[in-house]
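Structure first, then comments.
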Amino acid sequence: MVPRPMNPKTTDLYRQLSDQVSVSSITHWLKEMIAIPSENPMESDARPGHREQEIGEYYLQQMHELGLTVTSREAAPGRPNVFGARAGKKDRPSLMLCGHLDTVPTEGYDDPYTPHEKNGRVYGRGSCDMKAALACYLEVARLLRDADVTLSGSLILCGVADEEWQMIGSREIGRNGPFADQCIIGEPSDLSVCPAHKGQFGLFIRTFGKAVHSSIPEQGENAIERMARVVNALSDYNEELASRDPHPLCGHGTYSPGVIRGGDLASAVPDYCELEIDRRVLPSDETEQVRQDIAARLDPLRQDDPGFRYELSEPSWDIPANDLPVESPVVQSLLSASAELTGHPESARSFPGATDAPHLKTPAVVCGPGSLSQAHSIDEFVEIEQCVRATKMYLRAVTDLVA
Ligand SMILES: [Zn+2]
C-alpha cells in the first residue's frame, strides 16, 4: 500500500519544526535518563537501584519545564505512571506518545549507568529500550513550546512503569486513562512502523503420578515420564499452527516449551512434573482455543495410560496481540514520514515482541529508534541519527493528526 501523502495544510509547520530538531537536547535527556537506574524489580517491590520512582520524577519535571500540564499516578508503591499534556483548542483529536520508564536487569553489564557517546551512538542500559524514545518525545514538546504552536487537538506524553515484567503500568492506564485517539509507542523497531504484534500467552501443564522408592519403579507412576509423552504430543503443534491462515503482518502463531520442573530426588519416582509453555498468539486467536488445542493433543494419552492425568493452569502470561489497521492515520503518517526521510517507501510490519499497546485501550502503533538486537543486551546502544529521525517522524504525526 502506498502511504497517503502528508497533510499539505500542516506540512509547512512540520518543515519548520523538523529543521530545529536538536541533537544535543535529545542526547542530553537520553544520557541523564540512562544515568538513573530504573531496573524493573521483577517479582520484588521497588527498592534502591530499581528506581522507576526517580526516573518518573525526572520525566515529570522535564515535562513540566517544557510547559506541559503534568500528573502522575502510582501503578504500585514507588512505581509511577507519569503524564504531560499539551492542550489544544479542543480535547480531540488526541495523540499519545508513550514509553516505559523501566529497563531490564544489568547482570554481567559493565558500568550500565554511565552513558557514553561513541561513533554516533549513545551507550548504556535503557539507551534503546526505551529511554531514547522518551527523549525524542521531550524534544517534540520542546519544539512545540519554542515555536509557540497552538494545537487544534491535544498531545499527551506518557511514561509508564513495569513494561518489562507484568505491565502493571499500562494496565493501570487502560483502566483509568488517559485515553487518546491514537498512540505511538517508541519501542526499538529500527523505526519500522509496526501496527501489529503477536500476543504472549503462557501456562503450566502439570502431570501427576504416584511416588514410590525408585528401586521399585514398577509400583509407581512416573510424572516425568508422563510429561515426556506430553512434550511428544505437542511436538508438531508448530506445524499445525503454520498450516492455519496467517495474519497479514504477524504471520503464524508459535508454540515453545520453555521451563520444566519435576521430581525432588533421584531415589524416588516423581509424582509431579510441570512444563511452562509459551504460545505467541495472533490477533484472531482466543486463549480458550489455545487450551482446547492442547487438550485435544493430551486427552488421547489416556488411551494407553488410564492413570494419566494432567492439568492446565491459569495463564502465567497473558498479553494480548495488537492489531491496528494499516489505514489508521497515525500509521499512514509515520509511513509517509519514513518514506520522505529515507527516500524509499516503507511498509508496515509486525513488531517481534509483546508491548504495552494492547493494555492502553488507545489504538497504538509501535515505532521507535534502536534495534531489538541491542535491547536487553549487555552492550546496549542507540544510533543518534535514528533518534533524530524518530523525532521527525513523531513531529510528522503530531502535525498531521493534532496540529
Ligand atoms: Zn521496551
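The values are calculated or read from the model by the stated rules, or taken from the named source; none is laboratory data. What you see is a predicted model; the values in this text were computed from it and never measured. FYI the Cβ positions are ideal-geometry reconstructions off the backbone, even for glycines, and counts take in every protein chain you see. Accessible surface is based on the protein model in full, side chains and every heavy atom, while ligands, DNA and RNA are left aside. Shrake-Rupley method; radii C 1.70, N 1.55, O 1.52, S 1.80 Å.
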- Message: Asp278 - would you say it is outside the structural domain of Tyr123 (by TED's automatic domain parsing) and open to solvent by 20 Å² or more (accessible area, probe 1.4 Å)?
- Response: yes
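Quick grid of which residues meet (1) assigned by TED's automatic domain parsing to the domain that holds His359; (2) among the basic types (Lys, Arg); (3) modelled with pLDDT under 95; (4) in a loop (DSSP other than H, G, I, E, B):
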residue: Phe204; (1), (2), (3), (4): no, no, no, no
residue: Thr207; (1), (2), (3), (4): no, no, no, no
residue: Ser215; (1), (2), (3), (4): no, no, no, yes
residue: Arg229; (1), (2), (3), (4): no, yes, no, no
residue: Asp245; (1), (2), (3), (4): no, no, no, yes
residue: Pro257; (1), (2), (3), (4): no, no, no, no
- Has segment 135-143 got at least one residue that is free of Cβ contacts under 8 Å to residues at least 60 places away in the same chain and either touching a Cys at 6+ places or on another chain (Cβ under 6 Å) or open to solvent by less than 10 Å² (accessible area, probe 1.4 Å) (or both)? no
- What are the residue pairs meeting all of these: first residue in segment 221-240, first residue in contact (Cβ under 8 Å) with a residue 60 or more places away in the chain, second residue open to solvent by 50 Å² or more (accessible area, probe 1.4 Å), Cβ atoms under 6 Å, and 6 or more apart or on different chains? Glu221/Lys210
- Quick count over segment 350-403, residues being within 13 Å of the ligand (Cβ to nearest atom), modelled with pLDDT of 95 or more and at positive phi, is 1
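Residue-wise test of (1) out of contact with any strand residue (DSSP E or B) (no Cβ under 6 Å at 6 or more places or on another chain); (2) more than 14 Å from the ligand (Cβ to nearest atom); (3) in a strand (DSSP E or B).
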| site | (1), (2), (3) |
| --- | --- |
| Glu107 | yes, yes, no |
| Pro112 | yes, yes, no |
| Glu117 | yes, yes, yes |
| Val149 | yes, yes, no |
| Ile156 | no, yes, yes |
- Item | So Ser347, is it away from the ligand (no atom under 13 Å from the Cβ), buried (at least 24 other Cβ atoms within 10 Å of the Cβ) and at pLDDT 95 or above | no
- Looking only at segment 159-179, decide whether some residue is more than 16 Å from the ligand (Cβ to nearest atom), under 15 Å from Ala357 (Cβ atoms), in a loop (DSSP other than H, G, I, E, B) and open to solvent by less than 30 Å² (accessible area, probe 1.4 Å). no
- Message: One residue is enough: does segment 75-92 have a residue meeting the conditions in contact with a strand residue (DSSP E or B) (Cβ under 7 Å, 6 or more places away or on another chain), farther than 18 Å from Gly153 by Cβ, part of a loop (DSSP other than H, G, I, E, B) and open to solvent by less than 50 Å² (accessible area, probe 1.4 Å)?
- Response: no
- Task: Considering each residue of segment 21-62, count those that are closer than 18 Å to Pro115 by Cβ and not in a helix (DSSP H, G or I), and give that number.
- Result: 8
